[in-house]
Amino acid sequence: MTHSTRRQILKTLSLVPAAGFVVGLPRPARAAEITLKYGNNLPLSHPLNIRGAEVAERIAKETNGRVELKIFPNNQLGGDTDMLSQVRSGGIDIFNAGTLVIATLAPVSAITGVGFAFKDYDQVWAAVDGPLGNLIRAAFAKVGLHTFEKMWDNGFRQITTSTRAIASAADLNSLKIRVPVSPMGIAMFKALGAAPTSLQFSEVYSALQTKVVDAQENPLAIVQTAKLFEVQKFCSLTNHSWDGYHLVFNGRSWRGLPDDVKTVVSRAFNEGGLQQRADVRKLNEGLQAELTKNGLAFNEAAAPTFQAKLRDSGFYKEWQERFGPEAWSVLEGAVGKLA
């Protein structure tokens with residue numbers, strides 16, 4: 001994505017009404033035959049919404065205006081659990097489900113967020129584009145959700161705090177930290193000695209600002225686009241888990257689409273996802289310097305101390321049993337021995 005393209009898209013998005021936006025080529029006078037609603041929890045400036053705008057434009061163009069993709073960013077339609085409920089009921093057609101959030105419906109999806117499982121992106125994409133991803137997508141199908149084949153990236157998660165830098169597992173003792181509404185996220189930070197609190201992402205900034213919690217954990221792109229640096233002082237590079245987005249589609253809505261439209265929509269979202277992955281990786285590589293200018297103090301964390309504590313606490317063994325031997329075997333086939 002060129003800088004000029006990014007600027008053009010952001011300029012376009014800044015002019016649209018708050019109720020949602022539709023990005024596409026000028027449509028013919030007749031109304032679209034099919035309107036798809038896509039809700040997400042990210043600001044307009046995030047690569048997911050920049051590439052989402054291009055997906056909408058491409059779908060409009062390749063269907064000759066028959067299909068209109070309406071995007072509702074930045075929690076306009078509610079928090080994560082609200083939108084997850086809406087995509088299941090058909091209130092919206094598409095939702096960018098984070099791996100830990102959607103685990104309330106398909107528990108195996110949380111397996112990609114196991115603490116300190118993935119060492120790098122090569123391991124991540126080999127797993128989620130391959131056997132592990134197939135296993136998860138099959139679980140979504142069982143709860144009535146169609147899933148596009150290519151996950152979109154959120155990035156490796158880091159810990160930010162307003163109180164102290166986190167250099168080793170011992171520094172997490174009793175730390176009040178926000179985690180997603182996720183059993184595994186809560187379990188992991190409890191195993192590491194912290195005091196986790198589950199909050200919707202839409203509540204994170206205010207919770208940090210009012211000291212309901214002192215810390216949170218998210219990829220750097222989220223820290224930047226959600227301006228969390230305004231209410232945090234330290235950023236510890238833990239890379240404690242990788243997080244991505246499954247683009248899930250209401251099953252009934254998906255089955256009701258003509259086959260040619262399914263082809264266009266799938267291709268647009270999958271290819272947009274590959275481009276967004278590259279965007280997030282590039283963005284994260286340059287964000288440390290930018291966030292430092294915004295006042296965050298960075299430090300490297302000692303990963304082995306966290307891994308040892310998770311192993312000694314029984315965290316890996318517990319989640320191996322929860323996910324089952326088949327899924328855990330597929331995970332370890334991609335990342336090596338954990339438990």
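Would you work out the charge dipole size for the stretch 147-270 about its Cα centre, treating the Cβ of every Lys and Arg as +1 and the Cβ of every Asp and Glu as -1, and quote it to the nearest 20 debye?
Working: 13 positive and 10 negative charges, 34 e Å.
Dipole of the stretch 147-270, to the nearest 20 debye: 160 debye.
Among ARG137, ARG311, ARG51, which comes first, then next, by fewest other beta-carbon atoms within 10 Å? Please report the intermediate quantities before stating the final value.
Working: ARG137 20, ARG311 15, ARG51 25.
By the 10 Å Cβ count, ascending: ARG311, ARG137, ARG51.
Return the lysines within reach of LYS37: Cα separation strictly under 16 angstrom, same-chain partners fewer than 8 residues apart disregarded; answer none if there are no such residues.
Leaving aside lysines fewer than 8 places away in the same chain, those within reach of LYS37 are LYS70, LYS262.
Considering the stretch 185-259, what Rg and Dmax in Å follow from its alpha-carbon atoms?
Taking only Cα atoms of the stretch 185-259, I get Rg and Dmax of 16.7, 52 Å.
Where Lys and Arg each count +1 and Asp and Glu each count -1, what net charge lies around SER206 among other residues with Cβ under 15 Å from its Cβ?
Details: positive: LYS176, ARG178, LYS211, LYS227; negative: GLU203, ASP214, GLU230.
So the surrounding residues net to +1.
When we measure straight from the Cα of LYS282, which aspartates and glutamates land under 12 angstrom away, once same-chain ones fewer than 8 places off are left out?
ASP153
Can you give the charge dipole size of the chain about its Cα centre, rounded to the nearest 20 debye, using +1 on the beta carbon of Lys and Arg and -1 on the beta carbon of Asp and Glu?
Numbers: 37 positive and 31 negative charges, 99 e Å.
With Lys and Arg at +1 and Asp and Glu at -1, about 480 debye.
Please order THR81, THR225, THR238 by the number of other Cβ within 10 Å, starting at the fewest.
Details: THR81 14, THR225 21, THR238 24.
In increasing order of surrounding Cβ atoms, one gets THR81, THR225, THR238.
Report the local net charge at GLN307: Lys and Arg +1, Asp and Glu -1, summed over other residues whose C-beta lies under 13 Å from its C-beta. All intermediate terms of the calculation are to be shown ahead of the outcome.
Working: positive: LYS119, LYS309, ARG311, LYS337; negative: ASP312.
Every neighbour counted, the sum reads +3.
In nanometres, what is the gap between the two model label sites at GLN76 and TYR205, each 7 Å from Cα along Cα-to-Cβ?
With each label point 7 Å from Cα toward Cβ, the separation is 1.6 nm.
Based on the alpha carbons, how large is the Rg to Rh ratio for the chain when Rh follows Kirkwood? Don't skip to the answer; put the middle values down first.
Values: Rg = 19.7 Å, Rh = 20.5 Å.
Ratio value, two decimals: 0.96.
For a Förster distance of 51 Å, can you work out the FRET efficiency between the beta-carbons of THR263 and SER174, rounded to the nearest 0.05? It would help to have the intermediate numbers written out before the result.
Details: r = 53 Å, r/R0 = 1.04.
The calculated FRET efficiency here is 0.45.
Would you work out the relative contact order for the chain, in percent, from Cα pairs under 8 angstrom that are 6 or more residues apart? Before the final figure, lay out the partial values.
Numbers: 610 pairs, mean separation 76.0, N = 339.
Dividing the mean separation by the residue count of the chain yields 22 percent.
Which net charge results for the neighbourhood of GLY185, defined as the other residues with beta-carbon distances under 11 angstrom from its beta-carbon, given Lys and Arg at +1 and Asp and Glu at -1? All intermediate terms of the calculation are to be shown ahead of the outcome.
On the way: positive: ARG157, ARG178, LYS190; negative: GLU217, ASP243.
Within the 11 Å Cβ shell, the charges total +1.
To make sure I understand, if each residue's beta carbon is the centre and we count other beta carbons within 10 Å, what order do VAL128, VAL181 fall in, fewest to most? List each step's numbers first, then the result.
Working: VAL128 24, VAL181 19.
Arranged by neighbour count, lowest to highest, VAL128, VAL181 become VAL181, VAL128.
Output the pairs from LYS119/LYS317; LYS119/LYS227; LYS61/LYS142; LYS61/LYS227 with a Cα-Cα distance over 29 Å in this structure; if there are none, say none.
Numbers: LYS119/LYS317 19 Å; LYS119/LYS227 27 Å; LYS61/LYS142 33 Å; LYS61/LYS227 34 Å.
Beyond 29 Å: LYS61/LYS142; LYS61/LYS227.
Suppose we take every Cα in the stretch 38-153 and form the convex hull; what volume per residue is that in Å³? Don't skip to the end; give the middle numbers.
Working: hull volume 14.0 nm³, N = 116.
Hull volume normalised by residue count: 121 Å³.
Please express the shape of the stretch 175-219 as an equivalent ellipsoid: the semi-axes are the square roots of 5 times the eigenvalues of the C-alpha gyration tensor, given largest first in whole angstrom. Before the final figure, lay out each step's value.
On the way: eigenvalues 55, 26, 11 Å².
Result for the stretch 175-219: semi-axes of 17, 11, 8 Å.
No lab work stands behind these numbers, since they all come straight from the coordinates. As the structure is a computational prediction, the values presented were derived from the model and not from experiment. Here Cβ is always computed from backbone atoms with ideal geometry, including for glycine, and neighbour counts include all displayed protein chains.
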